[in-house]
Amino acid sequence: MRIALLGGTGDIGQGLALRWAYDSDHEVVLGSRDPEKARAKAEEYETELDSLGRERKVTGFANEMAADRADVVVLAVPAYHLADTVEAVADRLDEDTVLVTPAVGMGRDDDGFHYNPPPAGSVTALAVEAAPEEVPVVGAFHNLAAGRLADLSAEIDWDTPIFGDDEDAKEMVMRLADAIEGLRPLDAGGLANAPEVESLTPLLINLARENERLHDLGVKFQ
């Protein structure tokens, strides 16, 4: 399967790219508005994987080229860049492409981080509005600590809620999540449940900030 990570040079993009390249045989492609940056990061990831005994090919392109012919396109970009990113690659998407968004709208003040959804109601709803009508959108990977995810020497034992209205698309993303060792996908229902899942992220960040030894906090539902 070809996975394109738009914004794959950033924190969550790096973590997902490295884990999929290390734990699976899926083709991993990085996308960026700057193709040279994408190619340089791809080389960095290959070098890191090689140092751990994984000889894997990771490629980097401009976002449009990365999305072309991808089975799954992950929008690993901040919420405020999401709509623009989708619109830039819209002509490379079709009904056979699954669009995945882990982005969360957040604000910050002296008390910490707070959920700040856009007028659409959730960042996932923004992705649905921006995507071509025939392209299924799935929400996933919102609650992962990016630093620990990108540290391949660190074991993880986390759950990640995954939601979407297209059952086949959601099942595909759940299989991709399950391919990452230590990550358990949980079905969180349809797109209408996006605010409940997205709002977990600022809570986890605040808990990590206020409590020692919780820097790489994740969630596990028992």
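Where a number appears in this text, it was derived from the coordinates with a stated rule and is not lab data. All values derive from a computational prediction rather than experimental measurement. Neighbour counts are summed over all protein chains in view; Cβ atoms, including those assigned to glycine, are modelled from backbone coordinates with ideal geometry.
Worth pointing out:
- Estimated at 0.36 nm per residue, the fully extended path between E181 and M1 surpasses their Cα-Cα distance by 63.1 nm.
- Tensor-based shape of region 2-210 (alpha-carbon gyration tensor, a/c under 1.5 rounded, otherwise prolate or oblate): rounded
- Region 113-132 and region 53-110: distance between their alpha carbon centers, rounded to Å: 15 Å
- Ranked by the mean number of other Cβ atoms within 10 Å of their residues, highest first, the peptides 113-121, 66-74, 157-165 come out as 66-74, 157-165, 113-121.
- Ranking of K57, K37, K220, K170 by count of other Cβ atoms within 10 Å, fewest first: K220, K57, K37, K170
- Sequence-distant residues sharing a close amide H with G60 (under 5 Å, placed H): L30
- Sequence-distant residues sharing a close amide H with V98 (under 5 Å, placed H): V72, V73
- Applying 1/(1 + (r/R0)^6) with r as the Cβ-Cβ distance of D91 and D23 and R0 = 45 angstrom yields a FRET efficiency of 0.90.
- Whichever lysines have a C-alpha closer than 25 Å to that of K170, once near sequence neighbours (fewer than 8 apart) are set aside: K220
- For the chain, the share of DSSP beta bridges that are antiparallel, to the nearest 5, is 20%.
- Ranked list, fewest to most other Cβ atoms within 10 Å of each Cβ, for S199, S51, S122, S153: S153, S51, S199, S122
- Gaussian network model of the chain, Cα within-10 Å springs - most flexible of G189, G112, G31: G112
- Less than 5 angstrom separates the built amide H of G189 from those of G164, all sequence-distant by 5 or more or on a different chain.
- Partner lysines for K37 [C-alpha distance under 22 Å; skip if fewer than 8 residues away on the same chain]: K57
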